[in-house]
Amino acid sequence: MNLERYSRQTQLKEFGFEAQKKLSEAKVLVVGAGGLGVPALTYLNAMGVGTLGIMDNDVVSLSNLHRQVSYYESEIGQSKINKLIEKLEAQNSNTKLIPYHTFLTKENALEIILNYDVVLDASDNFATRYLVNDACVVLNKPFVYGALHSFEGQVSVFNYQNGPTYRCIFPTMPNPSEIPNCNENGVLGVVPGIIGNLQALETVKVITGIGEVLSGKFLLFDGLHQNYQKINFKKIVGNDQITKLKDSYDFSCELEQQSVTTDELLEIIQSKNVQLLDVRTLEEFNLFHIDNSLHIPLADLVDELEKVNFSEEVYVICQSGIRSQKAITLLSEKVPEATLINVTGGINKWNEYVIR
């Protein structure tokens, strides 16, 4: 360990050499290399965490760049993990960086998480959060949580020293129509940096034992009013008794959804007339949409089913491919005989690979 490198934090009497040594021996898995993962990884790497696992299977896209500040325009279309590791290696050559070019699934979660001391969840969906929680409970690993919404963020630490779990504050996964996401609601670019850094701080506290960890406390950040609020919550008996993972962690897992890429959709549109259902908000639709698409916002879909011709194939598109999955789930319940096809990547990919 290079003592000079970390001298500005080891000279803190509350931290010192022993805390630095704990960091150097620690293994942290960061699930997601996006808006939360980039700042968290940058500071954990800089501060001297010995081993960092990085899990993501996405590529850099133009719409990432306003908040995922380690990626550049020249890297669009390239692997996030590959480009991020290049920069982390240049920042601190002593860190052991372990890439996982995959998303977290129930098939790989226990095997991968077993090798780490702490899991920092930087994902952007409920399915992964519940999976991370349950795997951490099974393996008795602490879980540092962060989430974003518009100008706001949330941070907490679950399953820490017999403390509450994620299910103690969010017992069950919401249904598809209740799930917000940054593609629908947006997020101010600087907010993920704030929340990701708070996650890094909590991770350091968990590893070193300094300060008071946000266990049993839910931190809410309001960027518009520069306001922080803590909500206390209690452990619910039984939530720490999970011994195996559930069969499914995704609201759409029970349904085998047909899908096409944006390139495939373009070829289909050029060869025949298709019914393309756009489920984004009116503002998104007015900003850009594919010609001749039918617009029904996801929130209004159930009430406007008569606008859709279910005797024909229905291609469903949104900004990124997430809301279109939710739409297909909802439509399948209402019209089980319908042929519904998800456009993966949505308008984001259409703009990147078709318009260009």
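Computed from the coordinates by the stated procedures, all read-outs in this text should not be read as laboratory data. Treat the numbers as computed from the prediction; the structure is a model and nothing was measured. Positions of Cβ are backbone-derived with ideal geometry, glycine not excepted, and every protein chain shown enters the neighbour counts.
Between Glu212 and Ser150, what is 0.36 nm times their sequence separation minus the Cα-Cα distance? Round to one decimal in nm.
Full extension of this stretch gives 19.6 nm more.
Hey, what number do you get for the chain at 222 nm if only DSSP H runs of n ≥ 4 count, each worth -39500 (n - 2.57), divided across all residues, to the nearest 500?
-9000 deg cm²/dmol, from helical runs alone.
Between Leu12 and Asp291, what FRET efficiency follows from the Cβ-Cβ distance if R0 is 41 Å, with the result rounded to 0.05?
Using R0 = 41 Å, I get an efficiency of 0.10.
How far apart, in nanometres, would the label points at Glu107 and Glu4 be if each is projected 7 angstrom from Cα along the Cα-to-Cβ direction?
It works out to 4.9 nm between the two label points.
Along the positive direction of the dipole of the chain (beta-carbon charges: Lys, Arg +1; Asp, Glu -1; about the Cα centre), which of Ser150, Gly16, Val343 reaches farthest?
Value: Gly16.
Give the Kirkwood hydrodynamic radius (Å, one decimal) of segment 1-114, defined as one over the mean of 1/r across all pairs of different Cα atoms.
15.0 Å
If R₀ is 35 angstrom, what is the calculated FRET efficiency for the pair Phe170 and Gln270, using the beta carbon separation as r and rounding to 0.05?
0.20
Return the long-range amide H neighbours of Val30 (sequence gap of 5 or more, or a different chain), with a cut-off of under 5 Å between placed amide H atoms.
Gly53, Ile54, Met55, Leu120
If I model a spin label at Val190 and Ala299 as a point 7 Å from the Cα along the Cα→Cβ vector, what separation in nanometres do I get?
The two pseudo-label positions are separated by 2.7 nm.
Which of (1) 21.6, 71; (2) 19.9, 65; (3) 21.0, 64 is the computed Rg and Dmax of the Cα atoms in Å for the structure on display?
After the calculation, the listed value that fits is (1).
Quote to one decimal, in nm, the extra length available between Leu220 and Leu62 on full extension: 0.36 nm per residue of separation minus the C-alpha distance between them.
54.0 nm
Work out the FRET efficiency for Glu333 and Asn309 from their Cβ-Cβ distance, taking R0 = 25 Å, and round it to the nearest 0.05.
Efficiency, from the Cβ-Cβ distance: 0.85.
For segment 40-54 and segment 110-162, what is the separation of their C-alpha centers, rounded to whole Å?
First find each Cα centre; the distance between them is then 17 Å.
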